[in-house]
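Okay, so here's the structure we're looking at.
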Amino acid sequence: MAQATLTISSKNYSSWSLRGWLLTRFAGLPLTEIMISPDDPAMRAEILLLAPSMLVPCLRHKNVKVWDTLAIGEYLNEIKPKAGLLPEDQAARAHCRAICGEMHSGFASLRAALPMNLKAQYKDFKVWARAQADIDRVFVIWNECLQTYGGPYLFGAEPCMADAMYAPVVTRFKTYGIKLDKVCADYSAHILTLPHLLEWTAAALLEPDDIEGLDAEF
């Protein structure tokens, strides 16, 4: 039996669940998934950004309980140091932590205007100015990392914590038809074809039909 559990919610809608789940996959930590229904009032509040993210993702490993995504990543890096969740080089590691922290605490307009929805595909979606500013910032981050570290992932040849943090953004850009430059498009293609993300997406497509209040209404 797995020594670890990860509590998550809707695979179609919960971007934080996806981040935590990818981190455990990248780390190679065997675990059992515990699903909270998105119909649960507290869970709906988290997905709709009306409450702090405390329920999901939540990792329990032996006698440790960690519920913040960045904390999960740091914990996994400590117990699985060879997994490469953080770069070995000190400067690169600091850079990785900085852009992970920026995603963790920022991009509120992008989150509000382009909620994660793997089952949807919008054409001619109108992006309002504040969300576009967030999108442009993501492009800057991706280009800087990919040009500095050589790709195909943000910090080199293998996916790391930063890729887990930005993976839901990749799915959002696909859902809402956001135009990407070649560098960002190539990066997105690598993320979207990751076996782990394909596994997650396949499960998301099997979830019940759209849940009222969790779709974009633009």
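Some points to look at:
- Residue identified as in contact with a Ser or Thr (Cβ under 8 Å, 6 or more places away or on another chain), of a type in the set (S, T, N, Q) and in contact (Cβ under 8 Å) with a residue 40 or more places away in the chain among Asn143, Asn117: Asn117
- Selection count where residues are more than 14 Å from Cys58 (Cβ to Cβ) and surrounded by 22 or more Cβ atoms within 10 Å (Cβ to Cβ), scope region 19-34: 3
- Unmet requirement for Lys126, which otherwise passes all of (1) within 14 Å of the chain's Cα centre (by Cα); (2) part of a loop (DSSP other than H, G, I, E, B); (3) of a type in the set (D, E, K, R): (1)
- Pairs with Cβ under 6 Å, 6+ apart, first in region 91-107 and surrounded by 12 or more Cβ atoms within 10 Å (Cβ to Cβ), second among the acidic types (Asp, Glu) and assigned to a helix (DSSP H, G or I): Phe107/Asp134
- Residues that are of a type in the set (D, E, K, R) and either modelled with pLDDT of 60 or more or under 17 Å from Met161 (Cα atoms) (or both) within region 22-66 comprise Arg25, Glu33, Asp39, Asp40, Arg44, Arg60, Lys62, Lys65, listed in sequence order.
- Qualifying residue in region 77-89 (condition: more than 18 Å from the chain's Cα centre (by Cα), over 26 Å from Leu6 (Cα atoms) and of a type outside the set (Ser, Thr, Tyr)): yes
- Reported count of residues in region 108-152, each being surrounded by 13 or more Cβ atoms within 10 Å (Cβ to Cβ) and acidic (Asp, Glu), is 2.
- Residue match in region 143-159 (condition: assigned to a helix (DSSP H, G or I) and touching a Lys or Arg at 6+ places or on another chain (Cβ under 9 Å)): no
The values are calculated or read from the model by the stated rules, or taken from the named source; none is laboratory data. What you see is a predicted model; the values in this text were computed from it and never measured. In this analysis, Cβ positions are derived from the backbone assuming ideal geometry, glycine residues included, and neighbour counts consider all displayed protein chains.
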